[in-house]
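The values are calculated or read from the model by the stated rules, or taken from the named source; none is laboratory data. If you're wondering where the values come from, they're calculated on a predicted model, not measured in any experiment. When we count neighbours, we look across all protein chains shown, and the Cβ atoms used for this are built from the backbone with ideal geometry, even at glycine.
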Amino acid sequence: MLLSDFLHVPVGDANLSGVFNGSDLIEIFTAAEYDDEIPGNSSRAEGDWNCDAEFDSSDLLRAFQAGRYSRASRQSQEVAAARSTIIGHELETERPAAGRSA
């Protein structure tokens, strides 16, 4: 069992926001431990997602193969859903009733 399973977060979620996205990638690469040649110095928050204490390509492969990467943040997804609902409602109110011409 990996730490991500225990914490109920997706593999790759370095900041424990519940979403694996660009914020996590910025965080792990800012830590500057990718293939740094210092043995055993990386943690989950620094990109070690396969529990070998190293941040390397195998961690990135594991995270992306899990299929949980989200391009949009949770907040932007909620905003997009709200906009879609509002736009859909506006379109429904602007349509002429069936059988009537505009």
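Of note:
- Where helices (runs of 4 or more DSSP H) sit wholly within the chain, those with at least 3 residues that are at pLDDT below 95 and of a type in the set (V, I, T) occupy 74-94.
- Counted residues, the stretch 44-70 - those being surrounded by 14 or more Cβ atoms within 10 Å (Cβ to Cβ) and at negative phi: 17
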